[in-house]
């Protein structure tokens, strides 16, 4: 069996666009007619350029290859252009290809991918969601703590026992920054209000995404510690693991990080420097499914937990599930609300979400089926990137 064709899709994610403005999918097809899908996350160029990147790599390294030779293909692509170093653009390209190869292999063997990675540890996987706005909100749920608390209570009633929110404000191009006393007080009051709304029935995941200097992150943490946060996510930018390790040493609850990292090499720094105790790898950026499994094994040896990141499309969600199902140090899985949004609408077969958890299925490969007519009817024609930072 060999790969004989590839096709890329850029799918526009209509408003409210939870999960980003668009999703980039890759379809690989074999000479036996079996096909697999992959997804690239967060390539920092317009998707028409990202498509060209994926297509170039497929032309050079994927056509006529045996889809079971994942390790060999991975090393060939990773070494492309005499690089052999972590890069988020190539990481996204490589991830899309690698996920599609696994999807093909699972279908060929009539097994879900998690069975090929060592088998499943559980029948369901705990999930969390961001606190999201609703069309009829009278105010901004991202800045109105009372409304955010009410929304968190609604999610609790749906079955969630963990929610995430970003109380520090906009992500800015000049981050990290020193927070003022007023900003710290706002964040502390925001966390307090949500904690009072949900009591001890719901874990609170604090997303900060590299906005603070280490000293500000430590100062903020001392103010919110009393409200029992589940984690502080990416307190400083991901380009300085020593700074993140400083935060981790000085606060009394876990640091989570990893959505902006790629390959085992970048995660190795986080692990060795004890910069985070919860790793948030995204299978659409990290290098794919097997790379995710390797990082999880590195984390396991250091008693660290895995909480896959997913602010993108349903193919990455499926890849995250396959890895999470096969590891012993899985903690919690990110999803978009109750998994019934646009990500579900473009699928003929998808995972079922119930009472706060995703239920595993035994369908081969990724366990999902894309509606190709549907995704072709939602092309992306905008100018913006998947995510943008504020000036």
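Mind telling me which of the residues 329, 320 ends up being buried (at least 17 other Cβ atoms within 10 Å of the Cβ), assigned by TED's automatic domain parsing to the domain that holds residue 127 and under 23 Å from residue 34 (Cα atoms)?
Going through 329, 320 in turn, the sole match is 320.
Listed by first and then second residue, the pairs with beta-carbon distance under 8 Å, at least 6 apart or on different chains, first residue in the stretch 41-59 and on the phi > 0 side of the Ramachandran plot, second assigned to a helix (DSSP H, G or I) and modelled with pLDDT of 95 or more, are 42/88; 42/92.
Restricting 224, 270, 289, 295 to residues that are in contact with a helix residue (DSSP H, G or I) (Cβ under 7 Å, 6 or more places away or on another chain), more than 20 Å from residue 90 (Cβ to Cβ) and not assigned by TED's automatic domain parsing to the domain that holds residue 69 narrows the list to 224. Output yes when any residue across the stretch 117-129 is in the same structural domain as residue 294 (by TED's automatic domain parsing) and without any contact (Cβ under 8 Å) to a residue 12 or more places away in the chain, and no when none is. Checked the stretch 117-129: no residue is in the same structural domain as residue 294 (by TED's automatic domain parsing) and without any contact (Cβ under 8 Å) to a residue 12 or more places away in the chain. Each residue in the stretch 267-283 was checked for being within 18 Å of the chain's Cα centre (by Cα) and either part of a helix (DSSP H, G or I) or more than 20 Å from residue 332 (Cα to Cα) (or both), and 2 pass.
Within the group 234, 269, 259, which residue is at pLDDT 95 or above and farther than 29 Å from residue 200 by Cα? Answer to the selection: 269. Among the residues of this structure, residue 1 counts as one that is more than 30 Å from residue 338 (Cα to Cα) and in a loop (DSSP other than H, G, I, E, B). Among the residues making up the stretch 96-125, those that are in contact with a strand residue (DSSP E or B) (Cβ under 6 Å, 6 or more places away or on another chain) and farther than 22 Å from residue 66 by Cα are 124, 125. Are any of the residues in the stretch 40-54 crowded, with 17+ Cβ neighbours inside 10 Å and part of a strand (DSSP E or B)? Scanning the stretch 40-54, I find at least one residue that is crowded, with 17+ Cβ neighbours inside 10 Å and part of a strand (DSSP E or B), so the answer is yes.
The values are calculated or read from the model by the stated rules, or taken from the named source; none is laboratory data. Because the structure is predicted, anything quoted here is derived from the model rather than measured. As a convention, Cβ positions derive from the backbone with ideal geometry for all residues, glycine included, and neighbour counts pool all protein chains shown.
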